[in-house]
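Engineer: Handing you a structure now.
Please treat every number below as a calculation from the coordinates, not as lab data. From a predicted model like this one, the values you see are computed outputs, not experimental measurements. A quick note on method: Cβ atoms are made from the backbone with ideal geometry, for glycine too, and the neighbour counts reach across all protein chains shown.
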Amino acid sequence: YEREATAALAAAATPEDLEAARIEFLGKKQGRLRDLQKSLGSVPKEDKPAVGKAFNEVKTRVQSALDARQAELESVDGGPAADALDVTLPGRAPHAVGAVHPLTRTIAEFKTILGRLGFAAVEGPEVEDERHNFNALNIPDDHPARDPLENFYLSAASVGKGEGPLLLRSQTSTVQIRVMEQNPPPVRVISIGRVYRPDTIDATHHCQFHQMEGLMVGEGVTMAHLKTVLTLFCRAYLGEGTKVRFRPSFFPFTEPSVEADALWHGAGTGDGGAEGRWLELGGAGMIDPNVLQAVGYDPEKVSGFAFGFGMERFCMMRHGISDIRLLTENDVRFLKQFG
Ligand code: PHE
């Protein structure tokens, strides 16, 4: 038995042959080993221990011959077994955990650029009182910007707190007041955050969006500083050679007030062609003396500028995003593109 078994196992040329030989010689339910085991019953009693021992040794040797041949066959065809561990293979990159949201990325870039110009990033609350959203910003009681239809007032939240009505801030200019109330001049800060207005949502409007507020106050700060900071900022974010222009405008908290535009040559300008395209940045101006007074600054000693830009438009222009709603819908097919 043993000689035939080892010969058959050694002669097996494929895994199929080997399996056939295994069944013939080592099969548990039928097969020649089983027959041999059955025949042990007829061995005289006194010989049983020796014969049993010999039987077990044969069984072990045939089993090892099978294992050895199996290993040989695996190493010949197809190299190592499919489930063998090859420690020399390069590791598999971990599954991507996500992408940085384009707005988050824009916020980080804005902070870096203005940080280089000496502006510290600060934050303010999204739920505000009327003093910070309107009064201290020189917005009179009868000003249309206070219209309940233009704002999200939180009537329930204000009840019994003796603070007057609260609202979701409609502009980040609130942070100008908070910073100046708490810090003597000079100050140089930006504040990026959400603002809320009851607009009808479409491809270019949303009821919540981000603004970047900039504020610089000190002795001898002029409009030339404002234009220089905005120009340097736009060149860093939109590209060298970007020009900034001012158009006269009005805000209660700045005098004079401007709307700032950037002439942009970058990709995605679409209709702009070689001349580039004027991109609206937002409002800006020299801080009104009434505002400086409201926070306890001396308008005879210090002056300052402020600007407030919508962030979504910047981000959409820069990345060629055509619908503002994509920025809040969290469609993975959109987000994935920023990996
Ligand atoms: N807060 C103004 C707005 O939301 C923008 C602005 C900020 C204008 C600072 C002037 C100075 O439209």
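Engineer: Counting only other residues whose beta carbon sits under 10 Å from that of ASN133, what net charge do I get with K and R as +1, D and E as -1? Before the final figure, lay out each step's value.
Structural biologist: Working: positive: ARG131, ARG146, ARG169; negative: GLU128, ASP129, GLU130.
That sum, taken over residues with Cβ under 10 Å, equals 0.
Engineer: In the range 280-335, what is the volume of the convex hull around the alpha carbon atoms, normalised per residue and reported in Å³? Don't skip to the answer; put the middle values down first.
Structural biologist: Details: hull volume 6.5 nm³, N = 56.
Value for the range 280-335: 116 Å³ per residue.
Engineer: With a/c under 1.5 counting as rounded, go ahead and sort the range 90-154 into rounded, prolate or oblate using the C-alpha gyration tensor (a ≥ b ≥ c being the square roots of the eigenvalues; past the cut-off, prolate if a/b is larger than b/c, else oblate).
Structural biologist: Working: a/c = 4.31, a/b = 2.21, b/c = 1.95.
Prolate is the answer for the range 90-154, as a/c is 1.5 or above and a/b outweighs b/c.
Engineer: Another question, then. Would you mind checking which residues have amide H under 5 Å from LEU281's amide H? H placed 1.01 Å from N; only 5 or more apart, or other chain.
Structural biologist: Answer set, sorted by chain and number: ALA260, ASP261, ALA262.
Engineer: Could I ask something else about it? Give the dimensionless ratio obtained when the Cα radius of gyration of the chain is divided by 2.2 N^0.38 Å.
Structural biologist: On the way: Rg = 39.6 Å, N = 339, 2.2 N^0.38 = 20.1 Å.
Compared with the compact-globule rule of thumb, the chain sits at 1.97.
Engineer: Also, I was wondering about something else. If Lys and Arg each add +1 and Asp and Glu each add -1, what is the summed charge of the other residues whose beta carbon sits under 12 Å from the beta carbon of GLY115?
Structural biologist: Details: positive: LYS111, ARG116, ARG188; negative: GLU109.
Local charge sum for GLY115: +2.
Engineer: Between ALA54 and GLU16, 0.36 nm times their residue separation minus their Cα-Cα distance comes to what?
Structural biologist: Details: separation 38, 0.36 × 38 = 13.68 nm, distance 2.94 nm.
Difference between extended and current length: 10.7 nm.
Engineer: Give me ARG32, ARG333 sorted ascending by neighbouring Cβ count inside 10 Å, so fewest comes first. Spell out each step's value before the answer.
Structural biologist: On the way: ARG32 15, ARG333 7.
Least crowded to most crowded, the residues run ARG333, ARG32.
Engineer: Please report, in debye to the nearest 20, how large the charge dipole of the chain is about its Cα centre when each Lys and Arg carries +1 at its beta carbon and each Asp and Glu carries -1 there. Display every interim value, and only then the final one.
Structural biologist: Numbers: 37 positive and 46 negative charges, 247 e Å.
The dipole of the chain has a size of about 1180 debye.
Engineer: Estimate the FRET efficiency between HIS143 and ASP199 by the formula 1/(1 + (r/R0)^6), using the beta-carbon distance for r and 22 Å for R0, to the nearest 0.05. Could you put the intermediate results ahead of the total?
Structural biologist: Details: r = 18 Å, r/R0 = 0.83.
Calculated transfer efficiency: 0.75.
Engineer: Starting from the Cα of LYS29, draw a straight line to each of the lysines and keep only those under 18 Å, dropping any in the same chain fewer than 8 residues away.
Structural biologist: LYS38, LYS59
Engineer: Hey, what D do you get for the range 1-132 in µm²/s if you plug the Kirkwood alpha-carbon radius into Stokes-Einstein at 37 °C and 0.692 mPa s? The partial results should precede the final answer.
Structural biologist: Numbers: Rh = 21.9 Å.
Translational diffusion coefficient: 150 µm²/s.
Engineer: Here is a further query. Using Cα-only point scatterers and the Debye equation, what is log10 of I(q)/I(0) for the range 110-263 at each q in 0.16, 0.17 Å⁻¹, rounded to two decimals?
Structural biologist: Each listed q corresponds, in turn, to -1.04, -1.15.
Engineer: Take the Cα pairs of the range 1-52, get the Kirkwood Rh, then feed it into Stokes-Einstein at 37 °C and 0.692 mPa s and tell me D in µm²/s. Working shown, then result.
Structural biologist: Numbers: Rh = 12.2 Å.
It comes out at roughly 270 µm²/s.
Engineer: Say the cut-off is 25 Å between C-alpha atoms; which of LYS111/LYS301; LYS28/LYS48; LYS111/LYS227 go over it? Could you put the intermediate results ahead of the total?
Structural biologist: Numbers: LYS111/LYS301 29 Å; LYS28/LYS48 21 Å; LYS111/LYS227 18 Å.
From LYS111/LYS301; LYS28/LYS48; LYS111/LYS227, over 25 Å: LYS111/LYS301.
Engineer: May I ask which residue of THR174, VAL302, VAL189 lies farthest towards the positive end of the charge dipole of the chain, with charges of +1 (Lys, Arg) and -1 (Asp, Glu) on Cβ and the Cα centre as origin?
Structural biologist: Most positive-ward Cα: VAL189.
Engineer: Now for a different question. Please compute one quarter of the surface area of the Cα convex hull for the range 204-339 and express it in square nanometres.
Structural biologist: Numbers: hull surface 39.6 nm².
The number I arrive at for the range 204-339 is 9.9 nm².
Engineer: OK, next. Report, ordered by chain and residue number, the lysines lying within cross-link reach of LYS45, taken as a straight Cα distance under 20 Å and ignoring same-chain residues fewer than 8 apart.
Structural biologist: Within the straight-line limit of under 20 Å, LYS45 reaches these lysines: LYS53.
Engineer: Let me ask something else. May I ask for the net charge around LEU103, where only other residues with Cβ less than 12 Å from the Cβ of LEU103 are counted and Lys, Arg are +1 while Asp, Glu are -1?
Structural biologist: Details: positive: ARG105, ARG194, ARG313, ARG318; negative: GLU109, GLU312.
Summing Lys and Arg as +1 and Asp and Glu as -1 gives +2.
Engineer: So what is the 222 nm mean residue ellipticity for the chain from helices alone, if each DSSP H run of at least 4 adds -39500 (n - 2.57) and you divide by all residues, rounding to the nearest 500 deg cm²/dmol? Write down the numbers at each step before the final one.
Structural biologist: Values: 13 runs with 131 residues, N = 339.
Rounded to the nearest 500, it is -11500 deg cm²/dmol.
Engineer: So how strong a dipole does the range 80-222 carry about its Cα centre when Lys and Arg Cβ are +1 and Asp and Glu Cβ are -1, to the nearest 20 debye? Numbers along the way, then the final one.
Structural biologist: Details: 12 positive and 18 negative charges, 86 e Å.
My answer is approximately 420 debye.
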